[in-house]
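Have a look at the structure below, then the notes.
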């Protein structure tokens, strides 16, 4: 069965998703990387309004290449997520519900995902040209001075992701490692 999410999302939308589930996201998501995250957290610390409504939002960790021709965006593959880990707890507390990137998250972030009823997805690294086909529009909404790392509002249709850290605390990377070690142990018998 095809699992879909429409943004904005809430904890109820995520409760039945589990690690390894393939999900297709439709609606608006936002791009942000390191420098933009630092600015967002600074705004939160100063009690100022963010450039988008973070409640129920999904942030995609990407710095897309420039659009060509009539395409809304250039190549748009995920970036390594752990670089955002120092900022993620504050954004989750403010209402962020989903993140898309690649690679493992810190234990603190995984704990905050559970605490805030959120989720972490991976997009397929190396498939940036294919991913962009799900992106129907892209608009810079903040920090244009950051170039590729500016915050963009993307409209996506059936954006493919996989659940890595679910709202119950499970971790696909740890599950996969455990299954591999069990398999390897059986092979050595």
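Just so it is clear, none of the values below were taken in a lab; they were calculated from the coordinates. All values derive from a computational prediction rather than experimental measurement. Here Cβ is always computed from backbone atoms with ideal geometry, including for glycine, and neighbour counts include all displayed protein chains.
With a point put 7 Å past each Cα toward its Cβ, work out how far residue 137 is from residue 16 in nm, to one decimal.
Taking the two extended label points, one gets 3.0 nm.
When the helix-only estimate is applied to the chain (DSSP H runs of n ≥ 4, each -39,500 (n - 2.57), divided by the residue count), what is the mean residue ellipticity at 222 nm, nearest 500 deg cm²/dmol?
-7500 deg cm²/dmol
Treat each spin label as a single point 7 Å out from the Cα along the C-beta direction, and report the residue 93 to residue 38 distance in nm.
Each label point lies 7 Å from its Cα, and together they span 2.0 nm.
When all C-alpha to C-alpha distances in segment 1-144 are sorted into bins of 10 Å, what percent of pairs does each bin hold, rounded to whole numbers?
11, 43, 37, 9, 0
Kindly express, to the nearest 10 degrees and within the range 0 to 90, the angle between helix 34-45's C-alpha long axis and the longest C-alpha principal axis of the chain.
The answer is roughly 80 degrees.
Could you check the spin-label model distance between residue 65 and residue 83? Points 7 Å from the Cα along Cα→Cβ, value in nm.
Result: 1.7 nm between the two label points.
Among 113, 124, what is the fewest-to-most ranking by other Cβ atoms within 10 Å?
Arranged by neighbour count, lowest to highest, 113, 124 become 124, 113.
Could you give the angle, 0 to 90 degrees to the nearest 10, between helix 172-187's Cα long axis and the longest principal axis of the Cα atoms of the chain?
Between the helix axis and the principal axis of the chain, the angle is about 30 degrees.
Within a 10 angstrom radius of the beta carbon, how do 157, 62 rank from fewest other beta carbons to most?
Ranked by crowding around the Cβ, least crowded first: 157, 62.
Suppose we keep just the DSSP beta bridges with both residues in segment 3-187; what percent of those would be antiparallel, to 5?
If we restrict to bridges inside segment 3-187, about 55 percent are antiparallel.
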